[in-house]
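Let me begin by presenting the structure, written as structure tokens, before commenting on it.
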Amino acid sequence: MALPDEAVERFREGLDEAIAAGEVEPTAMCLSTLGVDGGLSSRMVLMKAFTPEGFVFYTNLESRKGTQLAASGAAALVFHWKATERQVRVEGVAEPVSDADADAYFASRPRGSQLGAWASDQSRPMASRVTLVKRVAAVEARYLGRPVPRPPHWSGFLVRPRLVEFWYGRRSRLHDRFVFTLDNGEWRRERQFP
Ligand SMILES: Cc1cc2nc3c(=O)[nH]c(=O)nc-3n(C[C@H](O)[C@H](O)[C@H](O)COP(=O)(O)O)c2cc1C
Ligand code: PXP
């Protein structure tokens with residue numbers, strides 16, 4: 001269910017203002033996923049697309065987050081824009097992006113990052129840094145003089161929101177909060193106490 005116009009506008013405006021204010025990584029978001037044991041796991045990722053459908057990021061599908069999302073889909077995101085004292089919080093369900101979208105984004109990455117996606121068994125044990133350096137050299141040799149294809153284990157997820165909260169910080173601590181919640185197929189909007 002697409003986000004309501006107001007939520008889309010608030011997100012776009014918040015991101016634009018964070019960029020204008022010089023935020024170092026304005027698209028950085030904390031992603032939380034659910035382990036099979038019911039435990040939670042969080043890490044930062046970079047948002048690469050935002051549409052009324054949701055928030056897209058890319059990763060190794062065999063990583064910890066990748067396997068957790070394949071198992072449950074439950075995902076929560078937090079953006080914190082320090083320069084503008086804002087926070088956006090998202091709760092929803094992650095689904096794979098299309099191969100066409102993943103191919104297009106992968107093709108736009110610097111060659112070094114593309115080679116890294118082949119070389120790194122993200123989240124699995126690595127004996128030493130030398131292992132990684134050797135693997136990068138091997139994939140570099142393999143794709144010498146030709147484009148690096150997207151690895152089958154590297155793609156993206158679209159987090160479709162069921163809740164989006166916009167938090168506007170105030171020095172008084174009497175912050176403003178607007179929460180959009182999907183309720184029986186309809187978006188509900190409410191203010192909440194800070
Ligand atoms: C600011 C920032 C952005 C990051 N962006 C990504 C990203 O977009 N995709 C990714 O796979 N890892 C990204 N990482 C690395 C992840 O935080 C994490 O270490 C890695 O993906 C392994 O996570 P996992 O073992 O939980 O799967 C980023 C780290 C930081 C600090
Ligand atoms: C392993 C990894 N994948 C992806 C990203 C983010 O995407 P990109 O490298 O395409 O900007 C990062 C950012 O640090 C990263 O560390």
Requested in this report: Determine, yes or no, whether Lys65 is surrounded by 18 or more Cβ atoms within 10 Å (Cβ to Cβ) and on the phi < 0 side of the Ramachandran plot.
Outcome: yes
**Report entry** Unique match (being under 22 Å from the mean Cα position of the chain (by Cα) and under 26 Å from Tyr58 (Cβ atoms)) among Arg160, Arg135, Arg146, Arg142
**Finding:** Arg160
Query raised in the report: If we scan the stretch 129-143, do we find a residue that is on the phi < 0 side of the Ramachandran plot, crowded, with 17+ Cβ neighbours inside 10 Å and in contact (Cβ under 8 Å) with a residue 40 or more places away in the chain?
Result: no
**Report entry** Enumeration of residues in the stretch 151-177 that are out of contact with any helix residue (DSSP H, G or I) (no Cβ under 8 Å at 6 or more places or on another chain), of a type in the set (A, V, I, L, M) and part of a strand (DSSP E or B)
**Finding:** Leu158, Val159, Leu163
**Report entry** Residue among Val24, Val36, Val8 that is within 12 Å of ligand 1 (Cβ to nearest atom) and either buried (at least 20 other Cβ atoms within 10 Å of the Cβ) or of a type outside the set (D, E, K, R) (or both)
**Finding:** Val24
Query - Selection from the stretch 33-66 of residues that are within 11 Å of ligand 2 (Cβ to nearest atom) and among the basic types (Lys, Arg) - result: Arg43, Lys48, Lys65
Requested in this report: Take Glu25 and decide whether it is among the acidic types (Asp, Glu), within 16 Å of ligand 2 (Cβ to nearest atom) and in contact with an Asp or Glu (Cβ under 9 Å, 6 or more places away or on another chain).
Outcome: no
Query - Criterion (surrounded by fewer than 16 Cβ atoms within 10 Å (Cβ to Cβ), of a type in the set (S, T, N, Q) and within 16 Å of ligand 2 (Cβ to nearest atom)) met by exactly one of Ser108, Ser72 - result: Ser108
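Every number in this text was worked out from the coordinates using simple rules, so none of it is lab data. Note that this is a predicted model, so its numbers are computed, not measured. Counting neighbours? That spans all protein chains shown, and the Cβs are built from the backbone with ideal geometry, glycine included.
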